[in-house]
Each structure stands twice: as C-alpha cells, then as structure tokens.
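Notes follow the structure.
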Amino acid sequence: MLHAINAKKARLDRVIDGIGKQPRENLITSALFGTIEFLSAPAQKLALRALIGLELPGNAEIFLWPYLRHLKENAEPDVVLRVSTERGPVYWVVEVKWGAPFGNEQIGREIRTLRDGECYRGGLPAEYRKVIGYVLLGAETKHAEAMQEAEGELPDLSFHSVTWPEATNRLRRLAAESCGDSGLAAWARTAGDFLRGTPRGSVLVPWPPDIMMPRAESFTFAAGRQFDFKNSVGSVTAAQSNFTKRDI
C-alpha cells in the first residue's frame, strides 16, 4: 500500500474511509511487488518467479507504474522489470488484473511506449529498452483474445498468463521450501495467505492433499446366524470398503 499511495495510485482517505471507487489492482500490485524490494537479491528472484511463473535470466529492478510517452501514445504499465544480463538489460512488462478487462490497445501501447518512449515518471533509465516479454497476472477467460492478438502482432516477444490460484499455490510452496531465509519465507507465507483469503486467489486445499488412510480391518459374518439384540453394539474404526458388482 505504501508504494501505491506514494505513487498517487491510491488515496489514503479512500482506503481508510471507503470513499468512492477503491483502486484494488494498484493496492494489490503495491502489496505484492513493492514488498519484494525489502528482500535480498537471491530472494527477490525467487519471489518474482513465484508471482509470474518464469525464471528470469538475471536479477531484476522493479519499477511500479512508470508513466511513458511516445509520439501520441502514452501508457502506465503496472510493473516493469529491468533484468540484468551479460548482454545488457532486458525488459519485461507485468500487467496486474483483478477482474478488469484490458483497455483499448493496452498491451501494444505498454510495450511500444516502454521500448521507444520517454519515461516522465517512475525512474526508468533513459536507454535503449529491449522488451522481451509480457506477463498477465490475474488472467481470466475474458483476457485471452487480447493476449492472442498481441502475440500475433508481436511474435518476437514472449507472452505468459498466470491465474491468481496458480500464484497462490507457488507462494505456498515457496514458503515451505525457503529454508535458511526467514525473510523470504515470511514474505511468501504472508502473500500466499492474503491471496488465499480472497475470492480470486483462493484454492481448495494443498495438492496433493495429506490423506491419512485408516488401517485395514477384516469383518467375518456367519451365514444364517441371526443378529442377537441382547448384545451391545459398539462403534468400529473407519474403514474402506470396496464393492464389486457381479451380473447374475
């Protein structure tokens, strides 16, 4: 939330008092990506992989809502990742959706203005920006057509879609596997719990679930013997019974 308010993507009075429209996507972007900056460089790479589902080729700088303009176009992508590689920096756009559809030509505008435009706000360096990929976080069926069109228009870029439940599951696994890095484990656990508590990011149970099978039990019945109502009837442990249908 701090990043969203500082960048004027959310207003504190609206958040606290519930005034008007709530900037949900901006607050979620701030909560998930803004907090990654507090982690160590190796942990940041693992955290980004959990959110976007991709292994980045190097360490990444995170820029939130940079305002870009090129010719008559302007755009403000939610997240821009500047990834360091041996051949120079490369860029990824991460668009965060919380149920909203894409705007008119949104994907193309974000990519073109990042690649060729000037950054008026957000701190992106003035350099040649080689854009190599676009990630949609929060993908739904309604976004598929726009993503397919952009992929056809920009075949040299990598396009990747991630649903919120997929991100929730990866965060849960990351929290369990982050041995030796208490900061990363705390971040992944908190982020995963947050998403799991929302309608869009909720998942049913961990998969595969931990199932405790009952111990094997054997039952013997004497044919023709009547039930003795004088004897007490006690409960038995849970058991699994298999029935086979036989045609007569």
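In the set (1) closer than 30 Å to R112 by Cα; (2) in contact (Cβ under 8 Å) with a residue 60 or more places away in the chain; (3) surrounded by fewer than 19 Cβ atoms within 10 Å (Cβ to Cβ), the condition left unmet by F194 is number (1). Figure legend. Inter-residue proximity from the range 30-56: first residues hydrophobic (A, V, I, L, M, F, W, C), second residues in a loop (DSSP other than H, G, I, E, B) and surrounded by fewer than 19 Cβ atoms within 10 Å (Cβ to Cβ), beta-carbon distance below 9 Å, spacing 6+ or different chains. Indicated pairs: A31/M1; L39/D181; A41/N59; A43/D181; L46/D181; L48/L54; L48/L56.
It is to be established whether one or more residues within the range 83-90 are under 24 Å from G152 (Cβ atoms) and of a type in the set (V, I, T). Scanning the range 83-90 turns up at least one residue that is under 24 Å from G152 (Cβ atoms) and of a type in the set (V, I, T). Would you pick out the residues in the range 137-174 that are of a type in the set (S, T, N, Q) and either under 17 Å from the mean Cα position of the chain (by Cα) or more than 22 Å from R87 (Cβ to Cβ) (or both)? Across the range 137-174, the qualifying residues are T141, Q148, S161, T163, T168, N169. Can you name every residue in the range 171-187 that is under 14 Å from P42 (Cα atoms), in contact with a helix residue (DSSP H, G or I) (Cβ under 8 Å, 6 or more places away or on another chain) and assigned to a helix (DSSP H, G or I)? Those that are under 14 Å from P42 (Cα atoms), in contact with a helix residue (DSSP H, G or I) (Cβ under 8 Å, 6 or more places away or on another chain) and assigned to a helix (DSSP H, G or I): L174, G183, L184, A185, W187. Kindly evaluate A216 against the criterion of being at pLDDT 60 or above, hydrophobic (A, V, I, L, M, F, W, C), touching a helix residue (DSSP H, G or I) at 6+ places or on another chain (Cβ under 6 Å) and over 19 Å from E55 (Cβ atoms). Against the criterion (at pLDDT 60 or above, hydrophobic (A, V, I, L, M, F, W, C), touching a helix residue (DSSP H, G or I) at 6+ places or on another chain (Cβ under 6 Å) and over 19 Å from E55 (Cβ atoms)), A216 does not qualify. Screening L48, L68, L81 for residues that are part of a helix (DSSP H, G or I), on the phi < 0 side of the Ramachandran plot, at pLDDT 95 or above and buried (at least 18 other Cβ atoms within 10 Å of the Cβ) leaves exactly one candidate, L48. Once the range 117-136 is narrowed to residues that are among the hydrophobic types (A, V, I, L, M, F, W, C) and assigned to a loop (DSSP other than H, G, I, E, B), the residue that is nearest to the chain's Cα centre (by Cα) is L124.
Here A144 passes the criteria (1) among the hydrophobic types (A, V, I, L, M, F, W, C); (2) closer than 22 Å to Y67 by Cα; (3) part of a helix (DSSP H, G or I) except the one numbered (2). Scanning the range 84-101 for residues that are part of a loop (DSSP other than H, G, I, E, B) and in contact with a Lys or Arg (Cβ under 6 Å, 6 or more places away or on another chain), we see that the one that is nearest to A126 (Cα to Cα) is P89. Here's a check for you: in the range 122-149, which residue that is farther than 23 Å from L48 by Cα and not β-branched (V, I, T) is surrounded by the most Cβ atoms within 10 Å (Cβ to Cβ)? Filtering the range 122-149 for residues that are farther than 23 Å from L48 by Cα and not β-branched (V, I, T), the one surrounded by the most Cβ atoms within 10 Å (Cβ to Cβ) comes out as A146.
When every residue of the range 153-160 is checked against the conditions, none turns out to be modelled with pLDDT under 95, surrounded by fewer than 19 Cβ atoms within 10 Å (Cβ to Cβ) and not in a loop (DSSP other than H, G, I, E, B).
The values are calculated or read from the model by the stated rules, or taken from the named source; none is laboratory data. It should be emphasised that the depicted structure is a prediction, and the values quoted were computed from it without experimental measurement. For neighbour counting, all protein chains shown are included, and Cβ atoms are generated from backbone atoms with ideal geometry for every residue, glycine included.
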